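Throughout, read-outs are computed from the coordinates displayed, never taken from laboratory work. Treat the numbers as computed from the prediction; the structure is a model and nothing was measured. Glycine also receives a Cβ, built like all others from the backbone with ideal geometry; neighbour counts cover every protein chain displayed.
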């Protein structure tokens, strides 16, 4: 409409008789022509900007790749404001320091050194959250004391905002052809940032979602692998009933139990508890299992197998990582259990007519002291005896009022159900723990191993 109006004014001006035109009329006509030229330039620039913004919207709207989106934004920004270099700096949400950032995309001419957003400048953007234009940054009073790269002579920053939160900064460096950045450049770059911020954030959230799904799949596969590492069924030993079970607090856990055949009429039994939870604990558990199985195959006494396992664990893990372990070898021909307890919960050995015995002999936890002299002990397994090995997830289970399940409840259940099968005893204990916990979440792995000698 503005252009049509100016054309009308121009037509009226030249419709008069040429011989009747005076100096005032000629001046008026010249002014009209100049206004028309300026309006034409403005409209042309507006049309170019609108076309560029539409193209940018199509380009970035069709992609979910954050790096590709930011690359297109930067290339468009360079051409729009005629800058030598542009960069998008995303603010890291996971950074402990509020000013810590993560540069995700940069495009620059090959002859120029890459610039990075100054931390002080980023701090200014955090506080003000508005565009910043400086054609003489070294003389700018807002940034006194900042050392600028000698090749930087002008800078234009605009915030990337999503729901009033700063997610990043779009920065252009050095206007080409020795010119300065203008208010028009600032306005255009601000529009680009406003149009792009939500698209960048959506792409970033999509990438995080995909990374989370990949992690979930990896955890699922880890849980499958860990399940495969545990015994699929208990061994069948003459005169004995044996069972074991582990219920991780998360999809994967750090508890471990095993039955390892040994030459002769012997069977190695063990139950371990690795510090921590989740995937790191499960990896250390797999390491401990492989180590202990290799030591068992050497047919060494329990104290020697634990001593070697402790050394290997100490040398291959960080100082804060450790494991507790109960390890014993049952000679079911002699009905003797030779065991060593490396800092684990003391198992209960119940007799049909005697109070429970605690199996304590051994030493400290594995992985803390490289050379520790572990001890071992031999106990006789009488007809009707029941051995119960458990992880601290059983006794440390809490109810909603923070009351522990405790050893006393465990002893009561074992005493009440001692004559049942090994599998049934495990069921009774697990049921009691879950009933005690109620709505409280399971915070630790629940692992049990039960060995019963049949009564004569």
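Side notes on the structure shown:
- Rough spin-label spacing in nm, given labels placed 7 Å along Cα→Cβ, for residue 336 and residue 442: 3.9 nm
- Remark: relative contact order (the stretch 321-370) = 40 percent; criterion is Cα-Cα distance under 8 angstrom and separation of 6 or more residues.
- A viscosity of 1.002 mPa s and a temperature of 20 °C, combined with the Kirkwood radius over C-alpha pairs in the Stokes-Einstein formula, give the stretch 382-456 a diffusion coefficient of 168 µm²/s.
- Calculated FRET value between residue 213 and residue 353, using beta carbons and R₀ = 56 Å, to 0.05: 0.45
- Cα centroid separation, the stretch 146-224 to the stretch 416-444 (Å): 54 Å
- Scattering from the stretch 230-453 was approximated by placing one identical point on each alpha carbon and applying the Debye formula without solvent; log10 I(q)/I(0) at 0.09, 0.16 1/Å stands at -0.33, -1.10.
- Extension gain for residue 182 to residue 380 (0.36 nm times residue separation, less C-alpha to C-alpha distance): 62.1 nm.
- Alpha carbon Rg of the stretch 299-351, scaled by the compact-globule rule 2.2 N^0.38 Å: 1.34
- Here the label points at residue 407 and residue 190, each 7 Å from Cα along the C-beta direction, are separated by 7.2 nm in the simple model.
- With R₀ set to 35 Å, the beta-carbon distance separating residue 320 from residue 206 gives a calculated FRET efficiency near 0.50.
- Between residue 151 and residue 82, the contour length at 0.36 nm per residue exceeds the Cα-Cα span by 23.2 nm.
- Computed E for residue 275/residue 371 - FRET, C-beta separation, R0 22 angstrom, nearest 0.05: 0.60
- Sorted peptide list for 289-295, 446-452, criterion being average Cβ within 10 angstrom, highest first: 446-452, 289-295
- Contact order relative to length of the stretch 230-350, as percent, for alpha carbon pairs under 8 angstrom and 6 or more apart: 24 percent
- Short-range pairs are left out: with C-alpha atoms under 8 Å and at least six residues apart, the relative contact order of the stretch 230-453 is 24 percent.
- Taking the average, over residues, of other Cβ atoms within 10 Å as the packing measure, peptides 253-260, 281-288, 360-367 rank 253-260, 281-288, 360-367 from highest down.
- For peptides 146-157, 266-277, sequence by mean Cβ density within 10 Å, most packed first: 266-277, 146-157
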